[in-house]
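Written below as structure tokens is the structure these notes are about.
Just so it is clear, none of the values below were taken in a lab; they were calculated from the coordinates. This is a predicted model, so every value here is computed, not measured. As a convention, Cβ positions derive from the backbone with ideal geometry for all residues, glycine included, and neighbour counts pool all protein chains shown.
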Amino acid sequence: MNVFGVDIGGSGIKGAPVDLERGDLAEPRHKVLTPHPATPDGVAGCVAEVVEHFGWSGPVGVTFPGVVTGSTIRTAANVDKGWIGVDAAALLGERLSGMPITVLNDADAAGIAEMTFGAGRGRKGAVIMLTFGTGIGSALFTDGRLVPNTELGHLELDGHEAEKRASTKAKEDKDLSWEEWAHRVRKYLAHLEMLFSPELFIVGGGVSRKAEKFVPLLTDVRAEIVPAELQNNAGIVGAAMAAAAR
């Protein structure tokens, strides 16, 4: 069965039909740039463009970079603050001619996909999925069960929000070498390990495609550290899974 997934990010909005038997994209994904400012109307128009690119009609799962309860947006760190309080499923459903819409946190979606089809498959204990991009998303699992909306990228690191120091955007903005950036990520993981004692960290987001450049540098952390197997498609797959479950 195929279901459509859309992943809203701070820099891009991408989506594709997902084959839920294989846990992979059924067709190559389509991506558009996130509008700036990333207002509800602007982003909704881009989501509709991605879905309509495939001529899709049916359930759609959509990730959002912030806390989502029900289908209402509660925080909006890397998009326009006008999202706060918006019923995202209602807004997107209206743009998509009444298609059934399921909305969830972006890192939670990526984590669900990795725990089912990827690096977290069959793992017990505490597992933390981290998505590095414009910010840092997080998904916490205990014995395979999700603790939703953790938003651990906003923990303090060196007097700043962690995502302001250790996100991919921070690396690019400060022109950090892989070694310099890995030092910041290592300090962040050590802090999370102190708080949660995970058995496994799964490192996702677009940077997971270059895992060999920085994962070996993440030393002095007890937990196992592995790149996301679904890489930057994990959010799309998890969104489709959530829509199918709904």
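Residue by residue, what Karplus-based ³J(HN,Hα) values in Hz, rounded to whole numbers, does the range 33-44 have, using 6.51, -1.76 and 1.60 with θ = phi - 60° and x for Gly and Pro?
Whole-Hz 3J(HN,Hα) from phi for the range 33-44: 6, 5, x, 10, x, 8, 6, x, 5, x, 5, 4.
Please state the shape class of the range 145-235: rounded when a/c is under 1.5, otherwise prolate if a/b exceeds b/c and oblate if not, all from the C-alpha gyration tensor. Write down the numbers at each step before the final one.
Numbers: a/c = 1.28, a/b = 1.09, b/c = 1.17.
Rounded, since a/c falls under 1.5.
Rounded to whole Hz and in sequence order, give me ³J(HN,Hα) for the range 234-241 from the Karplus expression 6.51 cos²θ - 1.76 cosθ + 1.60, θ = phi - 60°, writing x for Gly and Pro.
With the stated coefficients, the range 234-241 comes to 4, x, 4, 5, x, 5, 5, 4 Hz.
DSSP loop trypsin sites (Lys or Arg not before Pro) in the range 1-56 with at most 12 other Cβ atoms within 10 Å of their Cβ, which ones? Intermediate results must be reported in sequence, preceding the final value.
Details: sites: K14, R22, R29, K31; in loops: R22, R29.
The qualifying sites are R22.
Helix-derived [θ] at 222 nm for the chain: sum -39500 (n - 2.57) over DSSP H runs of at least 4, divide by residue count, nearest 500? Provide the component values of the computation, followed by the final result.
Working: 7 runs with 76 residues, N = 246.
Result for the chain, helices only: -9500 deg cm²/dmol.
Under a GNM of the chain (C-alpha, springs under 10 Å), which listed residue has the highest mean-square fluctuation: V68, V147, V203?
V147
Enumerate by residue number the chymotrypsin sites (Phe, Trp or Tyr not before Pro) in the range 93-168 meeting two conditions: DSSP loop (anything except H, G, I, E, B), and at most 11 other Cβ atoms within 10 Å of the site's Cβ. Provide the component values of the computation, followed by the final result.
Numbers: sites: F117, F132, F141; in loops: none.
Of the chymotrypsin sites (Phe, Trp or Tyr not before Pro), not one in the loops of the range 93-168 has a Cβ with at most 11 other Cβ atoms within 10 Å.
Give me the one-decimal nm value for the distance between modelled label points at E212 and E52, 7 Å along each residue's Cα-to-Cβ direction.
Between E212 and E52, the simple spin-label model gives 4.2 nm.
State to the nearest 20 debye the size of the charge dipole of the range 95-165 about its Cα centre, where the only charges are +1 on K and R beta carbons and -1 on D and E beta carbons.
Using Cβ point charges on Lys, Arg, Asp and Glu, the range 95-165 gives about 320 debye.
Cross-link candidates for K164: which lysines have Cα within less than 27 Å, leaving aside residues fewer than 8 places away along the same chain?
Correct list for K164: K14, K31, K81, K174, K187, K210, K213.
Please give me the summed charge of the neighbours of L230: other residues whose Cβ is under 10 Å from its Cβ, Lys and Arg +1, Asp and Glu -1.
-3
Quick check: the angle from helix 106-117's long axis to the longest principal axis of the chain, C-alpha only, nearest 10 degrees?
The angle comes out near 80 degrees.
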